[in-house]
Amino acid sequence: MRGKEYFAPPSKTKVIARLAVLGGSSVYIPVFISALMHRNVKVREVVLIGRNEEKLEIVSRFCKKLVANVGYPLKISSTVSVEEGVKDALIILNHIRVGGLLTRISHERLPLKHNMIGDESFGAGSFSNACTTIPVIVDIGNRIKSVNPNAYLINMTNPMGLVVDVFTRHTGLENVIGICENIPSYRRAISELLGVDECQISLHYIGLYHIGFVCDVLVKGKSRMSEVVEKANELNIEGVNKDFIRYFNLIPSRALSIYLSRDAYLNYQKKAPRLRSEILYEKETKILKLYKQNTTETIPSIVYERNPFWYDEIIVPLILHLCSYNPGESIVCVPNKGFISEFPLGTSVEVPCKISKDGYACSLKLKIPDFIRGLMIMSKESDRLMMESIINSSYKTALRALAINPFVTSFSNVKDFLDECLKERNFDWFK
């Protein structure tokens, strides 16, 4: 919260007695606490859950300072126990990054070493990430199931679709919702392009968290997609392929845009002096030092250099929807309940949903355009095989997952990558 303006308290919302944050030692958690206060969320206690006690104490102490300075009626507590932290929480925010940013560096660096795009949320990098993350997610999911199975779990952890699938299909949690950080920037850019208020815009989106697209833009219920297509060159969304918009009447996600220019993006990553994760790691160290200083009273400007808009624009509004008697709309990653017929029931998909205290529901029956259906089905099958290979420690299944992944352009690179990835983690999988 960078300014002093506060929103009026939301009406007709439930009071949240307890809200838990897994990964509560993240240096960006103070931005989340600030967003809760900014939007006057009726929450009595936020409990931060983390593994690194020293880092957790630094972040927790700074959050308490923020709350005290504002005079907001909110208790901040912390614990290293998952069970203790999630017990009695109405909402659990999953914010964990297994191994921290140093491990994220390896998720991005290792694929590049084997001539593949390095990203923690898709492609070979998502497999590397999933190998590290999924076993922890299974453990955490089972712990939540044992003490608080009915809580709403909002997931931010990548690879998003795989993590949502593991929580719902392998630990039995039912109220799991993953969030997409791209949509607010899309809505904002479309709002500027059409000259209308963001709140009047509704987006029809079909996705698998990474690969996805906007297939219609509605303003007050009327389609304005043709106008967006005509003005595609003026659309201010970084990295989006404008030709794709004009030729196919779809606005591609960041990952889909990267897929359309794989060679160029790979060359860009290889030439970059530093990975994004390396830059973030360097900043994290500086931020922690600032939080420790007694003279630091407000969130340092370096924190906002990453532009962590997702708390104020996505997470907190979603929390308010889940506590409201009046539904709001969000594009979220949830188990498929027949929303997209091309994908199996129960597997995670990303769709627009009405969300309220009664849960979520997608009122649309979405159909994937013919020319892109095969790509999305192949991507989803690769995700399924990744999850299966890690759950069952299966080398051959992992090879299959990587071989058909849209971001893996050559099978000749796959085996060497997989061998090195498993060696780094001391995994001795049956071949």
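The values are calculated or read from the model by the stated rules, or taken from the named source; none is laboratory data. What you see is a predicted model, and the numbers here were worked out from it, not measured in a lab. Note that each Cβ is placed from the backbone with ideal geometry, even for glycine, and that neighbours are counted across all protein chains shown.
Worth pointing out:
- Criterion: within 26 Å of residue 161 (Cα to Cα), free of Cβ contacts under 8 Å to residues at least 24 places away in the same chain and either of a type in the set (S, T, N, Q) or in contact with a Leu (Cβ under 8 Å, 6 or more places away or on another chain) (or both) - qualifying residue of 50, 125: 125
- Residue that is nearest to residue 77 (Cα to Cα), among those in the stretch 27-50 that are modelled with pLDDT of 95 or more and out of contact with any helix residue (DSSP H, G or I) (no Cβ under 7 Å at 6 or more places or on another chain): 45
- Given (1) over 27 Å from residue 206 (Cα atoms); (2) in contact with a helix residue (DSSP H, G or I) (Cβ under 9 Å, 6 or more places away or on another chain); (3) loosely packed, with under 13 Cβ neighbours inside 10 Å, index of the condition residue 285 fails: (2)
- Restricting the first member to the stretch 236-248 and to residues that are on the phi > 0 side of the Ramachandran plot, and the second to residues that are surrounded by 13 or more Cβ atoms within 10 Å (Cβ to Cβ), the beta-carbon pairs closer than 6 Å and six or more apart or on different chains are 239/254; 239/257.
- Selection from the stretch 187-213 of residues that are of a type in the set (D, E, K, R) and assigned to a loop (DSSP other than H, G, I, E, B): 197
- Qualifying residue in the stretch 193-201 (condition: buried (at least 19 other Cβ atoms within 10 Å of the Cβ) and either of a type in the set (Gly, Ala, Ser) or under 30 Å from residue 164 (Cβ atoms) (or both)): no
- Residues (of a type outside the set (Val, Ile, Thr) and touching a residue at least 60 places away in the same chain (Cβ under 8 Å)) located in the stretch 192-231: 202, 203, 204, 205, 207, 208, 209, 210, 212, 213, 215
- Residues (among the hydroxyl-bearing types (Ser, Thr, Tyr) and in a loop (DSSP other than H, G, I, E, B)) located in the stretch 357-412: 363, 393, 409, 410
- Residue that is surrounded by the fewest Cβ atoms within 10 Å (Cβ to Cβ) [pool: residues in the stretch 214-231 that are modelled with pLDDT of 95 or more and among the small types (Gly, Ala, Ser)]: 226
- Here residue 73 clears all of (1) free of Cβ contacts under 8 Å to residues at least 60 places away in the same chain; (2) buried (at least 16 other Cβ atoms within 10 Å of the Cβ) except the condition numbered (2).
- Inside the stretch 341-363, residues that are polar (S, T, N, Q) and surrounded by fewer than 15 Cβ atoms within 10 Å (Cβ to Cβ) make up a count of 2.
- Selection status of residue 58, in contact (Cβ under 8 Å) with a residue 60 or more places away in the chain and within 21 Å of residue 15 (Cβ to Cβ): no
- Filter result for residue 211 (of a type in the set (A, V, I, L, M, F, W, C), out of contact with any Pro (no Cβ under 6 Å at 6 or more places or on another chain) and surrounded by 22 or more Cβ atoms within 10 Å (Cβ to Cβ)): yes
- Entirely in the stretch 78-186, the helices (runs of 4 or more DSSP H) that have 3 or more residues that are surrounded by fewer than 20 Cβ atoms within 10 Å (Cβ to Cβ): 100-113, 123-147
- Across the stretch 105-156, the qualifying residues are those that are touching a helix residue (DSSP H, G or I) at 6+ places or on another chain (Cβ under 7 Å), closer than 21 Å to residue 391 by Cα and of a type in the set (D, E, K, R), and the one among them that is modelled with the highest pLDDT is 143.
- Taken together, the criteria place residue 218 among residues that are touching a His at 6+ places or on another chain (Cβ under 8 Å) and either of a type in the set (A, V, I, L, M) or farther than 26 Å from residue 407 by Cα (or both).
- Leading residue by the ranking (surrounded by the most Cβ atoms within 10 Å (Cβ to Cβ)) among those in the stretch 297-326 that are among the hydroxyl-bearing types (Ser, Thr, Tyr), outside any helix (DSSP H, G or I) and modelled with pLDDT under 95: 324
- Qualifying residue in the stretch 393-410 (condition: loosely packed, with under 15 Cβ neighbours inside 10 Å, over 22 Å from residue 263 (Cα atoms) and not aromatic (Phe, Trp, Tyr)): yes
- Which listed residue, of 382, 341, is at pLDDT 95 or above, hydroxyl-bearing (Ser, Thr, Tyr) and within 30 Å of residue 409 (Cα to Cα): 382
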